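Below: one structure, written as structure tokens.
The values are calculated or read from the model by the stated rules, or taken from the named source; none is laboratory data. The structure presented is a predicted model; accordingly, all values stated were derived computationally and were not measured. Ideal geometry is used to build each Cβ from the backbone, glycine not excepted, and the neighbour counts take in all protein chains shown.
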Amino acid sequence: MLSLASPLTPFVDALPVPARILASEHGGELTVRIRAATHRFHRDLPESRVWAYDGGIPGPVIEAERGQQVRVHWRNEIGEAYPVSVTLAPTETDSDGVPVQCLPGLSGGTPDPNAAALSGYTVVHLHGGVTAAMYDGWTENLFAPGQHAISDYAMDQRAALMWYHDHVMGATQLTVYAGLAGLWIIRDGRERELGLPEGPPFEVPMLLQDRNFGQDANGRLTGELVHKTDPGTMEAFAPFTVVNGKVWPVLDVQPAMYRMRMLNPMPARSGSSCCAMASRSSAGSPRSAPMAACSGPRSPSRPTGSCSPQPSGPTFWSTFPTFGQAPS
Ligand SMILES: [Cu+2]
């Protein structure tokens, strides 16, 4: 198995708990500000420029009750240029056969001026919501910076984990990559009969993403978000797994029942994502659950089953299985 050394130390940042908005505490009427912000994806990275709901990566978790309509005022306050360098990998693989799209940095690719010109027009789609057409975030129902949209979500559907995200025609993969994504939970009485944990700390919503960052002349990661597409498949597999806005975070857990609620909205990685969790500490210590989403590219042309720089170290590999592959 190909193994790339990661330029970022895994499992040093705590898994963030996203902000939480209970619609019932606001009379079912919420305001979410869509704006430019900065965000630190890893302890050892500089801050990155992002676009984000309420300035958070991910946006706030909005929690609603079945049958209680939620009205959201989506306020477009994006006041800065598109924060991601978008490029096409010059070649599919490097001289070692590694997919270039999976390497940190631009890899010599030219930044796309059209992406850089994205001006912050937006539209919000509640993915999974049974939503009336006029509020459903159709891709051309755009509103500009300085404008806002009001959406009524009926919540006439069973308990579920959903997500909301930008949905602009032809640019959704780029605006979501810039940060415009958040989770949405519907609860109902039938689900509560199951007695599952509700809310922090034992219910843990997790938004899984992959991200890439720019490099300076010395090869150090700059924190600038990079979206690099493969020239053959036109997919983008970024090298760093991000959970709730942190690269390979860790969650200290208690010996109790948890409800892990994971959503994978990555632009290309799909199908085989997982969350590797196990104790890595001795008896009596807090237990830690490193969050590592693992997945391989779908294309059979790939030389390896995984193109991420793998979190390394004896703890990780001795404790966490990968997908049908022995670490080597
Ligand atoms: Cu969607």
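Could you tell me which residue of the stretch 117-141 is farthest from the ligand (Cβ to nearest atom), considering only residues that are assigned to a strand (DSSP E or B) and in contact with a Pro (Cβ under 9 Å, 6 or more places away or on another chain)?
Thr122
Restricting the search to the stretch 149-167, which residues are within 20 Å of Ile78 (Cα to Cα) and surrounded by 17 or more Cβ atoms within 10 Å (Cβ to Cβ)? Show your work before the answer.
Taking the stretch 149-167 as the starting set, the residues that turn out to be within 20 Å of Ile78 (Cα to Cα) are 149-151, 164-167.
Those that are within 20 Å of Ile78 (Cα to Cα) and surrounded by 17 or more Cβ atoms within 10 Å (Cβ to Cβ): Ala149, Ser151, Tyr164, His165, Asp166, His167.
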Residues located in the stretch 70-97, provided they are more than 23 Å from Thr172 (Cα to Cα), buried (at least 19 other Cβ atoms within 10 Å of the Cβ) and in contact with a Pro (Cβ under 7 Å, 6 or more places away or on another chain): Thr93
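Just a yes or no: is a residue in the stretch 215-238 part of a loop (DSSP other than H, G, I, E, B), of a type in the set (Ser, Thr, Tyr) and closer than 30 Å to Ala154 by Cα? Don't jump to the end; show me each part of the working.
Here is the first cut: in the stretch 215-238, the residues part of a loop (DSSP other than H, G, I, E, B) are 216-220, 230-238.
If we keep only those that are of a type in the set (Ser, Thr, Tyr) too, we end up with 233.
Still in the running and closer than 30 Å to Ala154 by Cα: none.
No, every residue in the stretch 215-238 fails to be part of a loop (DSSP other than H, G, I, E, B), of a type in the set (Ser, Thr, Tyr) and closer than 30 Å to Ala154 by Cα.
For the stretch 100-118, does any single residue satisfy the condition of being of a type in the set (A, V, I, L, M, F, W, C), crowded, with 16+ Cβ neighbours inside 10 Å and in contact with a Leu (Cβ under 7 Å, 6 or more places away or on another chain)? Full working, then the answer.
Here is the first cut: in the stretch 100-118, the residues of a type in the set (A, V, I, L, M, F, W, C) are 100, 102-103, 106, 115-118.
After this cut, where a residue has to be crowded, with 16+ Cβ neighbours inside 10 Å as well, the list is 100, 102-103, 106, 115, 118.
From the residues that got through so far, the ones that are in contact with a Leu (Cβ under 7 Å, 6 or more places away or on another chain) too are 115, 118.
The answer is yes, given that some residue of the stretch 100-118 is of a type in the set (A, V, I, L, M, F, W, C), crowded, with 16+ Cβ neighbours inside 10 Å and in contact with a Leu (Cβ under 7 Å, 6 or more places away or on another chain).
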Residues that are among the polar types (S, T, N, Q) and within 24 Å of Val243 (Cα to Cα): which strands (runs of 3 or more DSSP E) entirely in the stretch 1-80 hold 1 or more of them? 29-39, 48-53
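Which one of Val32, Val72 is out of contact with any Ser or Thr (no Cβ under 6 Å at 6 or more places or on another chain) and closer than 20 Å to His167 by Cα?
Values: Val72 fails: out of contact with any Ser or Thr (no Cβ under 6 Å at 6 or more places or on another chain).
Answer to the selection: Val32.
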Residue check: is Ala144 modelled with pLDDT of 95 or more, away from the ligand (no atom under 16 Å from the Cβ), surrounded by fewer than 17 Cβ atoms within 10 Å (Cβ to Cβ) and under 26 Å from Gln68 (Cα atoms)? no
Give Ala159, Ala178, Ala149 a once-over and let me know the one that is among the small types (Gly, Ala, Ser), within 16 Å of Asp54 (Cα to Cα) and touching a helix residue (DSSP H, G or I) at 6+ places or on another chain (Cβ under 9 Å). Ala149
Flag for Leu208 being touching a Leu at 6+ places or on another chain (Cβ under 8 Å) and within 16 Å of the ligand (Cβ to nearest atom): yes
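Return yes or no: is Gly55 touching a strand residue (DSSP E or B) at 6+ places or on another chain (Cβ under 7 Å) and free of Cβ contacts under 8 Å to residues at least 40 places away in the same chain?
Details: touching a strand residue (DSSP E or B) at 6+ places or on another chain (Cβ under 7 Å): yes; free of Cβ contacts under 8 Å to residues at least 40 places away in the same chain: yes.
In short, yes.
Test Gly195 against the criterion of being over 21 Å from the mean Cα position of the chain (by Cα), modelled with pLDDT under 95 and either buried (at least 20 other Cβ atoms within 10 Å of the Cβ) or not polar (S, T, N, Q) (or both), and give yes or no. Working first, answer last.
Details: over 21 Å from the mean Cα position of the chain (by Cα): yes; modelled with pLDDT under 95: no; either buried (at least 20 other Cβ atoms within 10 Å of the Cβ) or not polar (S, T, N, Q) (or both): yes.
Considered against the rule, which asks whether it is over 21 Å from the mean Cα position of the chain (by Cα), modelled with pLDDT under 95 and either buried (at least 20 other Cβ atoms within 10 Å of the Cβ) or not polar (S, T, N, Q) (or both), Gly195 comes out as no.
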When restricted to Val98, Val130, the only residue more than 24 Å from Val70 (Cβ to Cβ) and among the hydrophobic types (A, V, I, L, M, F, W, C) is Val98
Could you tell me which residue of the stretch 171-197 is nearest to the ligand (Cβ to nearest atom), considering only residues that are in contact (Cβ under 8 Å) with a residue 24 or more places away in the chain and either at positive phi or part of a loop (DSSP other than H, G, I, E, B) (or both)? Leu180
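Just one of Pro99, Pro90 is touching a residue at least 24 places away in the same chain (Cβ under 8 Å), in contact with a strand residue (DSSP E or B) (Cβ under 7 Å, 6 or more places away or on another chain) and away from the ligand (no atom under 16 Å from the Cβ); which is it?
Values: Pro90 fails: in contact with a strand residue (DSSP E or B) (Cβ under 7 Å, 6 or more places away or on another chain).
That would be Pro99, the only listed residue that is touching a residue at least 24 places away in the same chain (Cβ under 8 Å), in contact with a strand residue (DSSP E or B) (Cβ under 7 Å, 6 or more places away or on another chain) and away from the ligand (no atom under 16 Å from the Cβ).
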I need every pair where a residue in the stretch 109-138 that is free of Cβ contacts under 8 Å to residues at least 24 places away in the same chain has its Cβ under 7 Å from the Cβ of a residue that is within 12 Å of the ligand (Cβ to nearest atom) and of a type outside the set (Gly, Ala, Ser), sequence separation at least 6 or different chains. Asp136/His125
Consider the stretch 142-155. How many of its residues are under 21 Å from Thr175 (Cα atoms) and part of a loop (DSSP other than H, G, I, E, B)? 5
